[in-house]
Amino acid sequence: MIADAATGVALALRGEGDPYALSGMLRHEDALTPAAVRVLGADALAPYAVEHRAAPAGVDDEAVVRQALMAYPPGDGASEVSLWSYRGLVEAAHAFLPGDGRPWPPAPEAGTAWVGDSPWPKLSHRVSQLAALALPGLASGLAEQLAARTDDLSRGFVRAVRRRDWLQAAGVGRWLARLPDVPGTLGLDSGLAFVHQMGGADPRVALHVAAARRFYGRGG
Amino acid sequence: MVTDRTAPVETAILAAEVEGLLEPAEADGVFRDTRECGGALLLAALLLISPPTPRPKTDVR
Amino acid sequence: MTGGHGDPGLLDHMVEASLGWLDGARGSFRLPPDVTTDADPNLTLKPLGELAELSQLIGAVHPREEIRRTARGLFAFAWNETRDGELFAELIRGEPFATYPVELYGVFARAGLRHAEADELVRTTTRLRGWRVAREDHTRTLGVLNAERRIGLRQHADFASVLALTGLGRLPEPWALDRKAAYGITHDVFHLTDWGRDRQRLSPELAGYLRLWLPSWLENWLEEQLWDLVGELLAVTACLPKAPYDPVAWQRLAGAQAADGSVPEMGAAPGSGDPDEMFTACYHSTLVTAFAATLARIAADEAEAGPRGGDPVLVGGRTPGESESAP
């Protein structure tokens, strides 16, 4: 279900297939829809971040997102990834959905101490788990902090590709696509293309590569 | 993976599963190296203080 | 990878332990009677050449006197095994167009150990147009060029032009690197810097490239437990200006060193107890460990004292009386 949804998002980001509608892909009545939306996070709404979209988001989409936010709030002691990912979905709802006047749930506070503290392999893995936040306008504070560790994230990309962890490589690569000053010798564009070729059978890999291309023009 | 749409939805279990999917453990590294093919090995009679003779390896750890 | 000044205690212990094992393995380094004809050079000349190359360096530059003494003993042993260079004359007569006798001879010539007949032979063979035909491995060509320089021959090609064709000079995508390419890059650096003696030859561009990507490669090959490559990558790291020191990587390499001082090439040492098998599996990594720890120790000293740009030991390459250490 998540895989299918990721495929749908990737298609939409590539401008292929029918006009994207979250609520068409993940139906409101389906019991598992909220879980799937929560796991996809902001990426559930990524196609709505594309400028000059043919079909705008509708009220059904809002209902699906609202339902996910209600059903799976980060509990006590939730992990940073869970907090950030939830926050990302809230931010994306604000940014990309028209809004029906009702307030969205508040975005939880999410820390950034780990950005400075984590050794680079761990940082890279965590950032790849937050790949959905690499969308225009989202988590701008986090993006600023991550920019200070661009070299380390680039090292993480190298490590991930060399150990054939395509999902991590695609997630970190997507974040790198958003950051300024990525080292030229990394070869990020050909790196993303390579990861897509090698690991694109995983819909989430395809999604991250498509997002890097669509929103940040990286990856060829 | 959340795949079975007909299963009874048990909220607590699903919530735990969602958390797990949000933060999966790092995959094990797969190290598979380039194989040598053809006569190159025979030609390189001596690799003085240079790469040791390549060992065929398909290490999946 | 962090800054910091290294851990001299740990580094010195690793060198001492490695040299101790190598010293005890002299019998396995000894050349067999058929070394110039039927013996496998990869199992005879290559180990001895590596022993000579690295023990010469350690004997010249290590700050600790007793370590230098052990290393010089090993270097003298290696020269003795070549029968004061007679071996090279024989090898060149047997295989006049092979590069390896020249590369090996260069190790000793660098330290002032010469053999008159070998000198005359290499002057003749390396003058040939055939000697200048491009070789298929550019990294290896750098080794040949370095040997020519050490012997005092005219270099058969332009070092910088060949370097530009290598895995280092091309600055390849750091993720597009297999094991062979990684060994290639480490050796590009060793030949360029004359095994860490001439580290300022590393251009800022190349140093910047290595500084960025060495941590990733180290992490990968630590995970694979390919200890000789880990050692080589640490040695390259120590060649960088203001060399970074990665305490975790050093601890892990130290952890791979057995109580007897040997370092297996990969994973754990073979458990069979067969001395030949042990030697083949360990000699290279053990040498590399001693080499890397020596370079890291020097880098740590420099970080402590500030740059020692004009140090004759590192730039000129010879310590006074060094050649007297050979028999």
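What follows draws every value from the coordinates through simple rules; no lab data is involved. Owing to the predicted nature of the structure, the values given are computational and were not obtained by experimental measurement. In this analysis, Cβ positions are derived from the backbone assuming ideal geometry, glycine residues included, and neighbour counts consider all displayed protein chains.
Quick notes on this one:
- Note on segment A:85-131 and segment C:280-303: Cα centroid distance 45 Å, given to the nearest whole angstrom.
- Spread over its residues, the convex hull of the C-alpha atoms of segment A:72-116 is 80 Å³ per residue.
- Nitroxide proxy distance, nm - points 7 Å out along Cα→Cβ at C:LYS242 and A:ASP76: 4.8 nm
- Restricting the trypsin sites (Lys or Arg not before Pro) of segment C:193-268 to loop positions (DSSP other than H, G, I, E, B) with no more than 12 neighbouring Cβ atoms within 10 Å leaves C:LYS242.
- The angle between the Cα long axis of helix A:166-178 and the longest principal axis of the Cα atoms of chain A comes to about 90 degrees, rounded to the nearest 10.
- Spacing of the modelled spin labels on C:ARG93 and B:VAL30, each 7 Å from Cα toward Cβ, amounts to 5.6 nm.
- For segment C:10-166, average projected area of the Cα convex hull in nm²: 10.0 nm²
- Think of each Lys and Arg Cβ as +1 and each Asp and Glu Cβ as -1; about the Cα centre, that makes the dipole of segment A:49-166 roughly 600 debye.
- Across segment C:276-300, the residues whose backbone nitrogen lies under 12 Å from the label position 7 Å along the beta-carbon direction of C:HIS5 are C:300.
- Model label points for C:ASP178 and C:ASP198, set 7 angstrom from Cα along the Cα-to-Cβ axis, are 3.2 nm apart.
- Between A:ALA95 and C:HIS13, the FRET efficiency from the beta-carbon distance, with R0 = 51 Å, is close to 0.35.
- Solution diffusion estimate, µm²/s, Stokes-Einstein, segment C:132-231, Kirkwood Rh from C-alpha pairs, 37 °C, viscosity 0.692 mPa s: 232 µm²/s
- Förster radius 22 Å - calculated FRET efficiency between A:ARG14 and A:GLN197 (Cβ-Cβ, nearest 0.05): 0.90
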